[in-house]
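The values are calculated or read from the model by the stated rules, or taken from the named source; none is laboratory data. On a predicted model such as this, the values are computed, not experimentally measured, just so you know. Here Cβ is always computed from backbone atoms with ideal geometry, including for glycine, and neighbour counts include all displayed protein chains. Ligands, DNA and RNA are excluded from the accessible area calculation, which covers all protein heavy atoms including side chains. Shrake-Rupley method; radii C 1.70, N 1.55, O 1.52, S 1.80 Å.
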Amino acid sequence: MLAGGAARRLGGADKPGLRVGGRPLLDRVLAACAGARRTVVVADPRPTARPVTWAREDPPGGGPLAALAAGLRHTTAEYVLVASADLPFLAGPTVGRLLSALAAGDADGVLLTDADGRDQPLVAAYRAPALRRELAALARNRAGRGERADGAQLTGLPLRRLTGALRLTRVPDAVAAFDCDTWDDLATARARIREHGHVLDEWISAAKDELGIDLDVDTGILLDLARDAAHGVARPAAPLTTFLVGYAAGRAGGGPEAVAETARKAAALAQRWAEEAADTGSAPARGKPDVAPDATPDTRPDA
């Protein structure tokens, strides 16, 4: 992951640290790459939500090809995902789609294209041997006779010098390819996450990162539970009940199955409360005790 650019169009701001949905851009991209065996970030070290390996091109600020070469030195994987740290909407499924397309074909890389059809080589999956081969060739061609070809020879070279030598497959995805190069881009990203179709998923992702939770649960179950508790008991019961369900699920092992089971029990309880409220004031049928059908007889003696 490349996160050491100068952000000139942002006036030199700390772009990876800019927040969208309460999370730094860098952390949002790291979350999309959570399934990676190793995550290498080429930049000066900083606090991150997930553990990473830090690298730096020499000299610092040498551009994307020098940064890419520096990052490749820290991995032995056959396939690598290359991403910039300014992609607010990159998500795990898109990463998986890129890697699957790469594995299924014979291209050197699979990259996204943006809304205008332009290549985005910093949102792509590549075969690492192909990257090393072409980066080494560029370094050799730039080195003078008798000079050692290394990462320094890649300083200042544009990305197209690399991508032009690779066989690439393209996948259109205007949302995942959206990057924050300007303040207007940042404002657009911040507005989009608050749209009705996105805000809940965005909030849940941000909350899980903030709380250090890596758990996928069926949010529909919890929303239904909150509705049942609010309607069948009282509105304040909704947040309290979902909290208690989370606590109980944690004590029971904390997996998605535990959440579903505790939510089911609480929803059944809320339903019983609602049924009782609907029957308030009515007398039990003649000759039938007002007890649950599966209740056991009370054989305790009178005090």
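At-a-glance table
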read-out	value
Probe 1.4 Å, protein heavy atoms only - accessible area per residue of the chain in square angstrom	59
Phi to ³J(HN,Hα) by Karplus 6.51 cos²θ - 1.76 cosθ + 1.60 over the range 159-170, Hz, x for Gly, Pro	4, 5, 5, 7, 5, x, 9, 9, 8, 10, 10, 10
Protein accessible area in the range 8-195, 1.4 Å probe - carbon and sulfur %	50
The range 215-281 - Rg and Dmax from Cα coordinates, angstrom	12.1, 44
Cα long-axis angle, helix 219-232 against the chain (0 to 90 degrees, to the nearest 10)	30
Rounded to whole Hz, the Karplus (6.51, -1.76, 1.60) HN-Hα couplings of the range 173-179, x for glycine and proline	6, 5, 6, 5, 7, 5, 10
Cα long-axis angle, helix 92-104 against the chain (0 to 90 degrees, to the nearest 10)	50
Label point at R140 placed 7 Å out along Cα→Cβ; residues across the range 67-87 whose backbone nitrogen lies under 19 Å	69-70, 73
Carbon + sulfur, % of accessible area of the range 215-281 - ligands and nucleic acids excluded, 1.4 Å	59
Inter-probe distance in nm under a simple model that places probes 7 Å from Cα toward Cβ, at A260 and L240	2.9
Sites A165 and R73 - FRET efficiency at Förster radius 25 Å, r taken between beta-carbons, to 0.05	0.80
In degrees, nearest ten, helix 256-278 long axis to first principal axis of the chain (Cα)	40
Cα-Cα separations in the chain greater than 36 Å, expressed as whole percent	37
